[in-house]
Amino acid sequence: MRYSRKRAKKREHSLNYFLCKSTKDETCSACQERVVSGSFLYHGIAALIKGMVGLMTGSKVLVAEAVHSFTDSVGFGINYFGGRTKQISNLLQGALIGSIMLLSGIWICSDSIAIIISQTPPRPGLLALLVAVISVLANWHLYMISACIHRQEPDNGNVFMCMVQNRINFFASCFAFFGILLAVSGFVFVDPVAAISIGLFQIYGALQIFKDSFDKEGLKAALIKKRVLLSLGTLTVFIILYFTHGVCDVLDRRQVILVPSEGATSESPVSSLLGRAPYFYIQNIKERMTKVQVNASRLYNVEESIVIGAIVDNNRVGVVLALKVGPGMFSTLRSRSVRIYYGDRQENVGALISDYLAGRLKCAVSPNTTRGFGRSQVRWLAPW
């Protein structure tokens, strides 16, 4: 009997988060306000940092986390404003926050699936992994506080929505961490797969919020629920059509190949460095047409990546075959959904195109050379 009482007392004490200094008889109102406002500020800052690092390192799951944090910041802002002013009902708060989470989750899933179908993801760097670790620790801390408050105030709708969002954020950040870790190790497709899991967490959390918000009301809630679901269904169709069109466009551009060349014919040697090639040999496989363009950056004082970007856009290039590509050029091409393949030996343009068509070239996931002193500055950011 004494052992069971001691165990029950220990379990009751463990319900409180270990950083909480309040006793059982104290209220949680101050902690509640702090966790909602803190979650709002954290996710606003995290969205900016994750977005910048995700774009810089090419991590799709970190970009998904940035979208996730941005929508959460908006949701926590609605939650905080509604809790302080009492001018927004729990029903309206649930509808707004759930709609934002659902649409962002569908957007993340559609974008990641489109990446898997149409592209080969790049290998993210160690900076992306560091940001993911910080995100896991911060989301765990916020979830533990909000869960503790929810146990003390189980009927508080604002606290419930805050706890659901923080719980989803914690598990999503864990998936992001393992996705980036495996992608850095060479399994690059795990990165967008982890992004899909984050989108699914968003959708699951939105459904939870919808259920909790709409089930507590009567006829009015049923009418609002019908209108909300109709609007969300329409927007979901538009999102899916948008990414489907993007995938079809990328796949269509894969018929156009660009090769840096030392001359203007298919018998010319392949230029050793993409940005400094005298000519660009462009072949459209579908239309059986070829075109040769002079590298304007060699004639004028123009940045090589700007010239390549313009040529890719104007000719709808989807594949680049080269011997060496630097970090800046690699980022420029990948931002345009261009696949890059490296030739393993010095050969002419026609032979390199034949190797690509025969499937003997491997799609690149990172640059294979550097430019000047740039490598010493970013060596720890990416594993090339």
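Nothing in this text is a laboratory measurement; each read-out follows from the coordinates by a stated rule. Because the structure is a prediction, the values reported are computed rather than measured. Please note: Cβ atoms are built from the backbone with ideal geometry, for glycine as well, and neighbour counts cover all protein chains shown.
The largest-to-smallest principal axis extents of the Cα set in the stretch 29-253 are 51, 37, 22 Å. The calculated P(r) of the stretch 230-287, using every Cα pair and 10 Å bins from 0, goes 21, 26, 21, 15, 11, 5 in percent.
Packing here is the average count of other Cβ atoms within 10 Å per residue, and on that basis the peptides 347-353, 247-253, highest first, run 347-353, 247-253. Taking label points 7 Å from Cα along the Cα-to-Cβ direction, Leu41 and Asn315 give a separation of 5.3 nm.
Antiparallel as a % of all DSSP beta bridges within the stretch 256-370, to the nearest 5? Numbers along the way, then the final one.
Working: 15 of 21 bridges.
Counting only bridges with both partners in the stretch 256-370, antiparallel ones make up about 70 percent.
Simple spin-label estimate for Thr234 and Val292 gives 5.5 nm between the two label positions (7 Å along the Cα-to-Cβ direction from each Cα). Between Ser272 and Lys226, the FRET efficiency from the beta-carbon distance, with R0 = 41 Å, is close to 0.05. Peptides 314-325, 230-241, 355-366, 105-116 ranked from most to least packed by the mean count of surrounding Cβ atoms within 10 Å: 105-116, 314-325, 355-366, 230-241.
For the stretch 256-370, the Kirkwood estimate of the hydrodynamic radius, built from every pair of different alpha carbons, is 13.7 Å.
With the Cα gyration tensor of the stretch 308-377 giving a ≥ b ≥ c as the square roots of its eigenvalues, does the rule (a/c under 1.5 for rounded; else a/b larger than b/c for prolate; else oblate) give rounded, prolate or oblate? Here the stretch 308-377 falls in the oblate category. Counting lysine pairs in the stretch 29-253 that sit 8 or more residues apart in sequence, or on different chains, and whose Cα atoms lie under 14 Å apart gives 4.
Note: relative contact order over the stretch 29-253, using C-alpha pairs below 8 Å and six or more positions apart, is 28 percent.
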